[in-house]
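Novice: Just passing along the structure, written as structure tokens.
The values are calculated or read from the model by the stated rules, or taken from the named source; none is laboratory data. Note that the structure is a prediction, hence the values are computed from the model and not measured. Ideal geometry is used to build each Cβ from the backbone, glycine not excepted, and the neighbour counts take in all protein chains shown.
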């Protein structure tokens, strides 16, 4: 893949009429890729070829395979039930929101539930936009940032609400206590996505010399992402499988984490009808959704808390998140001529710990987390 | 899920870095006399009769239960018979004539438990879907199609459905059809059980197809892949429920009993036993139970699935002809396309090891026909020396640069992605989704599938056991087979059992000739349609005796 610039996530229209801003964003993305290449280069075996590349500065004109989606579930794995028949801990995934407190939702999908005075859910807002994109806007185009808040959150948002000492406050109350404009979890950044993609292009072997392919072990071994998530092992394993085939890898433009789709076929309203029109894409497009609202269309006599999924009433936004599939898209070269030797793990994944079930404490340099 | 050798190839001697030895993992002693036998051992009979009962008088139901209690087959009985049968068949090289057994197991719906124990007890069973029952809501959840003019997918079901769940569900099975008929008559509630004895509301015979034993009606061999359940049936001498012929791995990858049969902790199938951690498979203490008598019980899913054999056959023939005209699919036959949709050839030979042609010899080799991984070149099995086993001389399953050899939306991939990462985790998470299938076909074989339908019903009595209907059966059906996007990526639906509201589904196939683009095959309708079903709990034998049969608090 060879491109001359990076577009904004979801091909959003934030930069329309502002080529200078678009250029700056492309340059920032390019920096992320260069860092990813640098990290991968530093990790591969001597004499090897880095299989991750920046499609702007080092684009490849040779044919590619069809773009490959890598998908994962939007509900955090850490809140799933601890054993057979144990239900997910939906309540822990969305404790009462508070100013300055990031959401503990780490699958590149976060949500905020609007409730009425009876604590019934009236709408759920989903976002999958990295906070670093908004930090970029805060630094380079604060008026656009404020306009986005006013459009998607509330006309009452003032610039002073969003900035502290001239710096955009990611955890401002409009993005934590009162709403969700973009991702807040420390790990949910676009930069992290790029670096994770780059780190995963390094082939690894364990202490016994066997190439690591198992998704979670690969995460730990390569010290990228967090093996306790749905997303990071899926991304890492998906990328690494293409790398083991000898291919060059990059991420599809526009780079982003996207809502692929919601499986709402089993959602039912009290009158037995389906929730057609309830999942509304408000930013991005189908398959590349950046922001969506699950709420009754105008004129509906029902609210979200009236919805049942297979007979189970919706009490938490996480029940909807569990029906959302997330994705990113990778691009791999058709040629498959690079055969780097696997290198040792960053974090040793010996063998004995695995037979006893005590996994090593994960190290997360790629996605900081909180 | 890659199996590894104990001494890797690049460290054969292990002199400076000795190959680590696996630590033994303590497996629980299974209560073989208290568990019903079909759960972990499987009846494995050619003839099976299903009976659905409705409770009328509770005292009469309890008396009837007490009468049939001695007929309930335990795990000990069924397992020992299966072992004997297998031993004899190995010596004779055919099924042993005259060696026959007849078994019976039963299970209860939420209403059945509520009537015989209490509503609180029924609600305390740890499964939301069991509590809700397989009525309109869960049927919609599974994506079941709506009959014309109906708003409830279960409206036309022959058994089960909204407000019509049986209270009690019996499975009677035998090697001998005459013995089966006699046992059914012995067990079925009759006049002697009183006027308010449980009422049979539906029953139906399932039979192994004589035209193709072991194959379902579409013609594919069924039940090849079953997990191996961990656990001991005896401490002294130490005997595992699932015999092992492979060395345990040393790299933390899943342990296999035999090639292609991963070991799964019993807590995923029976309540009250250790289960496996979804991240690394390590043994976890059993989930606490609200009632002690839930232990040794299991949840049973029954689905009566009609199969439109003529429709499926016609679709595959037409789709194969159309695809064969596309670059990359030259020479594609209907049999080959069918194999790509299922992931196995009709014989049972896996596409992963027989990419171009069926291989009946491979299909017959029980140590080879399930031995394949999806993400790496599958290493040869590392047999225990004492096992006497050796790898068959069949092509190994290899990775392909041409796209996945077994399509990612093939039926066997969708329901068991093996070593492939999924949207919710790794190979150990996938193990927690496994079910124990106990299905059998019903209805006569269609004589000439290419000549249209004969108007006769046929299909599969799908039965499976698990510790969680939500996490296992429903997850597989709803989250994976119905989902075009996962697992692992956007390769389409399971065209065999996947369902969609519009009935239309699609699958993306890699070219069978390298160098061309893949193609998407779209199916305009479903050929598998639910026509009955229910969610049940199969309690331990002691629970039936001490809790469900009790009269006024007395057993």
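Novice: Name the single residue, out of those in segment B:500-549 being in contact with a helix residue (DSSP H, G or I) (Cβ under 8 Å, 6 or more places away or on another chain) and within 14 Å of another protein chain (Cβ to nearest Cβ), that is nearest to residue B:73 (Cα to Cα).
Specialist: Per the stated criteria, the residue is B:537.
Novice: Given the structure, is residue A:274 without any contact (Cβ under 8 Å) to a residue 40 or more places away in the chain, within 14 Å of chain B (Cβ to nearest Cβ) and under 23 Å from residue B:430 (Cα atoms)?
Specialist: Working: without any contact (Cβ under 8 Å) to a residue 40 or more places away in the chain: yes; within 14 Å of chain B (Cβ to nearest Cβ): yes; under 23 Å from residue B:430 (Cα atoms): no.
Here the answer is no, as residue A:274 does not meet what is asked.
Novice: State all residues of segment A:103-122 that are in contact with a strand residue (DSSP E or B) (Cβ under 8 Å, 6 or more places away or on another chain) and surrounded by 18 or more Cβ atoms within 10 Å (Cβ to Cβ); if no residue qualifies, say none.
Specialist: A:103, A:105, A:107, A:108, A:109, A:110, A:111, A:112, A:113, A:121
Novice: Sticking with this one: From the list A:362, A:286, which residue is surrounded by fewer than 19 Cβ atoms within 10 Å (Cβ to Cβ), within 14 Å of chain B (Cβ to nearest Cβ) and at pLDDT 95 or above?
Specialist: A:286
Novice: For residue A:13, all conditions in the list (1) touching a residue at least 24 places away in the same chain (Cβ under 8 Å); (2) assigned to a loop (DSSP other than H, G, I, E, B); (3) within 21 Å of the chain's Cα centre (by Cα); (4) within 30 Å of residue A:294 (Cα to Cα) hold save one; what is the number of the exception?
Specialist: Exception for residue A:13: condition (1).
Novice: Answer yes or no as to whether residue B:497 is surrounded by fewer than 24 Cβ atoms within 10 Å (Cβ to Cβ), closer than 23 Å to residue B:138 by Cβ and more than 9 Å from chain A (Cβ to nearest Cβ). Walk me through it before giving the result.
Specialist: Values: surrounded by fewer than 24 Cβ atoms within 10 Å (Cβ to Cβ): yes; closer than 23 Å to residue B:138 by Cβ: yes; more than 9 Å from chain A (Cβ to nearest Cβ): yes.
So residue B:497 fits the description; yes.
Novice: Taking the condition in a loop (DSSP other than H, G, I, E, B) and more than 12 Å from chain B (Cβ to nearest Cβ), does residue A:255 pass? Break it down stepwise before answering.
Specialist: Working: in a loop (DSSP other than H, G, I, E, B): yes; more than 12 Å from chain B (Cβ to nearest Cβ): yes.
Yes.
Novice: Residue A:37: in contact with a strand residue (DSSP E or B) (Cβ under 9 Å, 6 or more places away or on another chain), modelled with pLDDT of 95 or more and surrounded by 15 or more Cβ atoms within 10 Å (Cβ to Cβ), yes or no?
Specialist: For residue A:37, the condition - in contact with a strand residue (DSSP E or B) (Cβ under 9 Å, 6 or more places away or on another chain), modelled with pLDDT of 95 or more and surrounded by 15 or more Cβ atoms within 10 Å (Cβ to Cβ) - is met.
Novice: Please tell me if residue B:119 is at pLDDT 95 or above, buried (at least 18 other Cβ atoms within 10 Å of the Cβ) and closer than 30 Å to residue B:288 by Cα.
Specialist: Details: at pLDDT 95 or above: yes; buried (at least 18 other Cβ atoms within 10 Å of the Cβ): no; closer than 30 Å to residue B:288 by Cα: yes.
Considered against the rule, which asks whether it is at pLDDT 95 or above, buried (at least 18 other Cβ atoms within 10 Å of the Cβ) and closer than 30 Å to residue B:288 by Cα, residue B:119 comes out as no.
Novice: Among residues belonging to segment B:455-469 that are within 15 Å of the chain's Cα centre (by Cα) and outside any strand (DSSP E or B), point out the one that is farthest from the other protein chains (Cβ to nearest Cβ).
Specialist: Our first condition is that a residue be within 15 Å of the chain's Cα centre (by Cα); within segment B:455-469, this holds for B:460-469.
If we keep only those that are outside any strand (DSSP E or B) too, we end up with B:467-469.
Numbers: B:467: 4, B:468: 4, B:469: 8 Å.
Out of the qualifying residues, it is B:469.
Novice: Hey, among the residues in segment B:380-395 that are out of contact with any helix residue (DSSP H, G or I) (no Cβ under 9 Å at 6 or more places or on another chain) and surrounded by 15 or more Cβ atoms within 10 Å (Cβ to Cβ), which one's nearest to the other protein chains (Cβ to nearest Cβ)?
Specialist: For segment B:380-395, the residue satisfying everything is B:382.
Novice: Within 14 Å of another protein chain (Cβ to nearest Cβ) and at pLDDT below 60: is that true of residue B:18 in this structure?
Specialist: Taking the combined requirement at face value, the residue satisfies it.
Novice: Would you check which residues across segment B:289-322 are in contact with a helix residue (DSSP H, G or I) (Cβ under 7 Å, 6 or more places away or on another chain) and either within 20 Å of residue B:462 (Cα to Cα) or outside any loop (DSSP other than H, G, I, E, B) (or both) and list them?
Specialist: Matches in segment B:289-322: B:293, B:297, B:298, B:299, B:301, B:309, B:310, B:313, B:316, B:317, B:319, B:320.
Novice: Tell me which of these residue B:272 doesn't satisfy, since it passes every other one: (1) in a strand (DSSP E or B); (2) without any contact (Cβ under 8 Å) to a residue 40 or more places away in the chain.
Specialist: In the conditions (1) in a strand (DSSP E or B); (2) without any contact (Cβ under 8 Å) to a residue 40 or more places away in the chain, residue B:272 misses (1) alone.
Novice: Is it fair to say residue B:432 is under 26 Å from residue B:538 (Cα atoms) and in contact (Cβ under 8 Å) with a residue 40 or more places away in the chain? It would help to see each step written out before you state the result.
Specialist: Values: under 26 Å from residue B:538 (Cα atoms): yes; in contact (Cβ under 8 Å) with a residue 40 or more places away in the chain: yes.
Considered against the rule, which asks whether it is under 26 Å from residue B:538 (Cα atoms) and in contact (Cβ under 8 Å) with a residue 40 or more places away in the chain, residue B:432 comes out as yes.
Novice: Between B:235, B:244, B:291, which is within 14 Å of chain A (Cβ to nearest Cβ), more than 30 Å from residue B:448 (Cβ to Cβ) and either surrounded by fewer than 24 Cβ atoms within 10 Å (Cβ to Cβ) or in contact with a strand residue (DSSP E or B) (Cβ under 7 Å, 6 or more places away or on another chain) (or both)?
Specialist: B:291
Novice: For segment B:275-288, how many residues are more than 7 Å from chain A (Cβ to nearest Cβ), in a loop (DSSP other than H, G, I, E, B) and on the phi < 0 side of the Ramachandran plot?
Specialist: At the first step, the residues of segment B:275-288 found to be more than 7 Å from chain A (Cβ to nearest Cβ) are B:276, B:278, B:281, B:285-286, B:288.
Now restrict to residues that are in a loop (DSSP other than H, G, I, E, B): B:278, B:281, B:285-286, B:288.
Filter once more, so that each one left must be on the phi < 0 side of the Ramachandran plot: B:278, B:285-286, B:288.
The total comes to 4.
Novice: With the structure loaded, tell me whether residue B:472 is under 28 Å from residue A:108 (Cα atoms) and surrounded by 21 or more Cβ atoms within 10 Å (Cβ to Cβ) or whether it fails that test. Give the steps one after another, and end with the answer.
Specialist: Details: under 28 Å from residue A:108 (Cα atoms): yes; surrounded by 21 or more Cβ atoms within 10 Å (Cβ to Cβ): yes.
Yes: the conditions hold for residue B:472.
Novice: Could you look through segment A:240-252, keep only residues that are under 21 Å from the mean Cα position of the chain (by Cα) and within 23 Å of residue B:430 (Cβ to Cβ), and pick out the one that is nearest to the other protein chains (Cβ to nearest Cβ)?
Specialist: A:241
Novice: Please go through segment A:197-213 and pick out each residue that is within 14 Å of chain B (Cβ to nearest Cβ) and either in contact (Cβ under 8 Å) with a residue 12 or more places away in the chain or under 14 Å from residue A:231 (Cβ atoms) (or both).
Specialist: A:200, A:203, A:204, A:205, A:206, A:207, A:208, A:211, A:212, A:213
Novice: Scan segment B:88-110 and tell me whether some residue there is in contact with a helix residue (DSSP H, G or I) (Cβ under 6 Å, 6 or more places away or on another chain) and either within 14 Å of chain A (Cβ to nearest Cβ) or on the phi > 0 side of the Ramachandran plot (or both).
Specialist: Checked against the condition, which is being in contact with a helix residue (DSSP H, G or I) (Cβ under 6 Å, 6 or more places away or on another chain) and either within 14 Å of chain A (Cβ to nearest Cβ) or on the phi > 0 side of the Ramachandran plot (or both), segment B:88-110 yields at least one hit.
To keep it simple, each residue is scored yes or no on (1) surrounded by 23 or more Cβ atoms within 10 Å (Cβ to Cβ); (2) in contact (Cβ under 8 Å) with a residue 60 or more places away in the chain; (3) farther than 19 Å from residue B:540 by Cβ.
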site: B:109; (1), (2), (3): yes, yes, no
site: B:130; (1), (2), (3): yes, yes, no
site: B:141; (1), (2), (3): yes, yes, yes
site: B:148; (1), (2), (3): no, no, yes
site: B:175; (1), (2), (3): no, yes, yes
site: B:190; (1), (2), (3): no, no, yes
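Novice: A further question follows. So for segment A:319-335 (the condition being surrounded by fewer than 23 Cβ atoms within 10 Å (Cβ to Cβ), within 14 Å of another protein chain (Cβ to nearest Cβ) and at pLDDT below 95), does at least one residue qualify?
Specialist: Checking segment A:319-335: at least one residue is surrounded by fewer than 23 Cβ atoms within 10 Å (Cβ to Cβ), within 14 Å of another protein chain (Cβ to nearest Cβ) and at pLDDT below 95.
Novice: Continuing with the same structure: So, in segment A:338-359, of the ones that are farther than 28 Å from residue A:75 by Cα and more than 11 Å from chain B (Cβ to nearest Cβ), which residue ends up modelled with the lowest pLDDT?
Specialist: Among those that are farther than 28 Å from residue A:75 by Cα and more than 11 Å from chain B (Cβ to nearest Cβ), it is A:348.
Novice: Right, something else. (1) modelled with pLDDT under 95; (2) within 14 Å of chain A (Cβ to nearest Cβ): which one isn't true of residue B:262, the others all being true?
Specialist: Just one mismatch for residue B:262, condition (1).
Novice: Now a separate question. Within segment A:220-239, is there a residue that is touching a helix residue (DSSP H, G or I) at 6+ places or on another chain (Cβ under 9 Å), crowded, with 22+ Cβ neighbours inside 10 Å, within 9 Å of chain B (Cβ to nearest Cβ) and not in a helix (DSSP H, G or I)?
Specialist: Yes: segment A:220-239 contains one or more residues that are touching a helix residue (DSSP H, G or I) at 6+ places or on another chain (Cβ under 9 Å), crowded, with 22+ Cβ neighbours inside 10 Å, within 9 Å of chain B (Cβ to nearest Cβ) and not in a helix (DSSP H, G or I).
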